[in-house]
Amino acid sequence: MEKLVEELQTTKPDQGTTPPPLQLQHANHHDAAASLSPLATTTSSSNPHSPLSRRKASSASPSSANDDPYPSPPSATSSNGARLYYTGAPDDNTVFAAGACSLLSPQGLSQIELLIGDSRFSNALSSLQPKAISLRHQPYLAHDDLNHPLPPNHVIMDCVNEYFVTMNAGIRTFQEHEVRTALRSYFQGQPPADPGWRMAVNVMIAHTLRKRNRMRNKEEYQKYIYNALGMVPNVILRSPSPMTIGALLSTVLYFSFTSDNHIALTLMGFTVQLLLMAGYHRLEPDLVHATPQNIDPVNRLHRRRLFWQAYIIDHDLMLRIGKPPLISDDFLLDLPEEHPADGYGKYYYPGDVTLNFFLQQVRLAQIQGRIASALYHRTGIPPAELKTEIRRLDGELQEWRESIPSMIRADNVDALLDGDYSRMISLTTLHFTYFQLVVAIHSAAFRLPMLEDQEGTEAADIGPSLALCVSASRAAISLLKYHQIEHPYTPYLLYQIAWSVDILFVNILQNKANPRARRDLDLIRTVISFFEKYDPDHQAVVSYQIIKSNRDGPRPAIRRWIAALWNWQVAERSPHRRHWRL
């Protein structure tokens with residue numbers, strides 16, 4: 001990486017290559033999320049010196065094919081750039097490497113290439129992919145690995161009790177009385193025939209011990225999640241019960257929390273099929289096949305909540321991995337109650353402010369689905385239509401933001417100074433989801449591959465969107481300072497905001513001489529230090545390795561580029577020349 005950045009900054013003036021100008025304008029001087037607003041309706045004038053303009057001129061030249069020693073990767077709209085699964089989908093290796101850090105995605109690399117002017121950096125970053133793939137641990141589970149004995153009864157009860165007052169209070173995957181009834185039968189030597197109870201107990205023990213051990217001593221709790229996985233064949237052979245569905249969702253969450261997205265998505269596909277076949281999405285039970293338990297209002301509500309929770313998890317994985325959602329909005333027949341009788345999902349703040357966290361999660365998941373459908377699961381969108389879609393989706397997201405009380409919006413961090421950690425986790429989740437969606441919407445302006453192929457589309461057009469992405473990324477990373485604790489949520493938060501780092505890195509490349517670039521590098525260092533302090537397995541985490549490589553690469557370049565570009569900037573600066581900066 002050091003060698004690469006040295007090569008990138010050695011272009012001589014007599015070669016006739018003009019250094020790329022600083023193109024972007026910050027909406028204001030605040031780093032907080034208050035700077036996030038809908039896409040500006042005006043665009044800057046064409047910039048003849050932009051990397052995009054140079055790329056167009058190069059592609060229009062008859063000799064360009066022979067003169068470029070670092071050709072671009074094929075466009076996603078070309079036959080050579082065909083994707084798997086659906087138009088625009090990356091391959092499996094890219095999904096794995098780019099799930100937490102999108103710099104390795106083909107679209108992300110092509111835009112980095114446009115900023116620099118050739119593909120040397122893209123090629124160097126792509127060379128990291130084999131290392132990233134090699135980090136992927138692929139265990140083989142023998143019969144004994146799936147059949148560890150349960151711990152003593154008092155340990156089981158201790159773990160289950162803790163799970164119900166922590167994890168299940170925030171994400172209700174189990175009805176407490178059902179689990180306790182099953183455990184009572186087990187303690188009396190008559191375990192239930194339903195495999196769901198055993199899967200549920202094992203996953204609850206795994207979650208609890210992982211939290212107690214501060215994610216260390218993995219062998220002490222991992223065996224119980226393997227026990228849970230070992231119950232999947234029995235689950236397939238039987239009609240699913242709510243406890244089985246809850247156990248599957250809790251297992252998906254276990255792997256989602258550690259960004260094991262491939263495992264989480266595979267289990268999620270199986271779980272969604274069981275949910276839909278059992279009719280958990282329906283407003284009313286199927287009376288032809290209904291049992292007294294199915295008709296009971298409390299049990300019906302629990303089934304509906306399992307469906308809504310699956311919808312939330314599915315859409316989170318969809319945006320992280322880049323696959324279409326498993327649950328389409330055709331199945332989302334209504335939303336959770338805003339004021340449920342049992343108070344589930346509701347949090348209370350000073351001044352009679354209330355937040356239904358569960359309802360807002362479903363609403364944000366809806367927006368996630370619309371973003372993916374409109375911007376990422378389509379190809380060949382004309383630039384004008386793309387800009388219209390970005391404005392429309394941004395307006396929808398801002399409408400959601402305005403619908404929640406001002407004191408708990410993403411631009412007000414005072415509510416995060418909370419002694420109730422469960423409440424703080426919930427609010428942090430809403431905040432980083434909001435920031436993610438800002439990035440997901442506005443990064444379409446420079447990540448979709450058709451932008452580089454459309455005549456009349458200049459790099460300056462993406463300035464307002466990129467400014468919003470950078471502000472959202474900075475705000476997302478700043479959430480870490482409220483979670484300096486060895487808790488499973490901390491690495492989960494790290495995995496969620498890791499994709500903010502690539503936006504900052506693009507900004508550093510775009511604005512090498514701006515003092516803000518140094519502060520952005522400090523934010524990148526913050527992410528790395530949190531990985532090293534709060535995630536015992538950080539050396540095996542793909543996003544950590546990629547971010548660390550990015551951090552180690554640009555730092556020396558920033559120092560050299562500041563000196564190299566200083567004279568050029570002085571010469572170029574005049575009262576008639578506008579400089580775009582973030």
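The values are calculated or read from the model by the stated rules, or taken from the named source; none is laboratory data. As the structure is a computational prediction, the values presented were derived from the model and not from experiment. Neighbour counts run over all protein chains shown; Cβ positions are idealised from the backbone, glycine included.
Inspect the range 442-462 for any residue being at pLDDT 85 or above and over 13 Å from the mean Cα position of the chain (by Cα) and give the result as yes or no. Talk me through it step by step, then tell me what you get.
Taking the range 442-462 and keeping what is at pLDDT 85 or above, we get 442.
Restricting the remaining residues to those that are over 13 Å from the mean Cα position of the chain (by Cα) gives 442.
The answer is yes; a qualifying residue exists.
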*Out of the range 373-402, which residues are part of a helix (DSSP H, G or I) and within 19 Å of G322 (Cβ to Cβ)?*
S373, A374, L375, Y376, L386, E389, I390, L393
_I'd like the full set of residues that are of a type in the set (G, A, S), assigned to a loop (DSSP other than H, G, I, E, B) and either touching a residue at least 60 places away in the same chain (Cβ under 8 Å) or farther than 29 Å from M424 by Cβ (or both), limited to the range 304-344._
G322, S328
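Among the residues of the range 287-307, are any within 22 Å of Q496 (Cα to Cα) and surrounded by fewer than 18 Cβ atoms within 10 Å (Cβ to Cβ)?
no
Results for (1) buried (at least 23 other Cβ atoms within 10 Å of the Cβ); (2) touching a strand residue (DSSP E or B) at 6+ places or on another chain (Cβ under 6 Å); (3) within 28 Å of K533 (Cβ to Cβ); (4) among the hydrophobic types (A, V, I, L, M, F, W, C), shown as yes or no for each residue.
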{"residue": "H154", "(1), (2), (3), (4)": "no, no, no, no"}
{"residue": "T166", "(1), (2), (3), (4)": "no, no, yes, no"}
{"residue": "V203", "(1), (2), (3), (4)": "yes, no, yes, yes"}
{"residue": "N213", "(1), (2), (3), (4)": "no, no, yes, no"}
*Considering only the range 155-188, state which residues are modelled with pLDDT of 95 or more, assigned to a loop (DSSP other than H, G, I, E, B) and either of a type in the set (F, W, Y) or farther than 21 Å from V232 by Cβ (or both).*
R172, F174, Q175, Q188
*What number of residues within the range 245-265 are hydroxyl-bearing (S, T, Y) and under 20 Å from H281 (Cβ atoms)?*
1
*So V298 fits all but one of (1) over 25 Å from V252 (Cα atoms); (2) of a type in the set (V, I, T); (3) in a helix (DSSP H, G or I); what number is the exception?*
(1)
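Grab the helices (runs of 4 or more DSSP H) fully contained in the range 216-265, keeping just those with 1 or more residues being touching a Pro at 6+ places or on another chain (Cβ under 7 Å) and farther than 24 Å from N294 by Cα. Break it down stepwise before answering.
Numbers: elements: 219-230, 232-237, 242-257.
Where helices (runs of 4 or more DSSP H) fall fully within the range 216-265 and carry at least 1 residues being touching a Pro at 6+ places or on another chain (Cβ under 7 Å) and farther than 24 Å from N294 by Cα, they are 242-257.
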*Could you tell me whether the range 144-154 includes any residue that is at pLDDT 90 or above, touching a Ser or Thr at 6+ places or on another chain (Cβ under 7 Å) and not assigned by TED's automatic domain parsing to the domain that holds A444?*
no
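One line per residue, one yes/no per condition, for (1) over 16 Å from T429 (Cα atoms); (2) free of Cβ contacts under 8 Å to residues at least 60 places away in the same chain:
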site	(1), (2)
S465	yes, no
V470	yes, no
L480	no, yes
H487	no, no
I497	no, no
F505	yes, no
F531	yes, yes
P536	yes, no
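So that you can scan it fast, the table gives a plain yes or no per residue for (1) within 26 Å of the chain's Cα centre (by Cα); (2) aromatic (F, W, Y):
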| residue | (1), (2) |
| --- | --- |
| V179 | no, no |
| V203 | yes, no |
| A206 | yes, no |
| N213 | yes, no |
| R216 | yes, no |
| Y224 | no, yes |
| G230 | no, no |
| A247 | yes, no |
_All but one of (1) touching a residue at least 60 places away in the same chain (Cβ under 8 Å); (2) closer than 20 Å to A278 by Cβ; (3) in contact with an Asp or Glu (Cβ under 7 Å, 6 or more places away or on another chain) hold for S241; state the number of the condition that does not hold._
(1)
*Mind checking whether some residue in the range 349-363 is surrounded by 20 or more Cβ atoms within 10 Å (Cβ to Cβ), of a type in the set (D, E, K, R) and modelled with pLDDT of 95 or more?*
no
*Residue count, the range 193-235 (criterion: without any contact (Cβ under 8 Å) to a residue 12 or more places away in the chain and more than 23 Å from S422 (Cβ to Cβ))*: 5
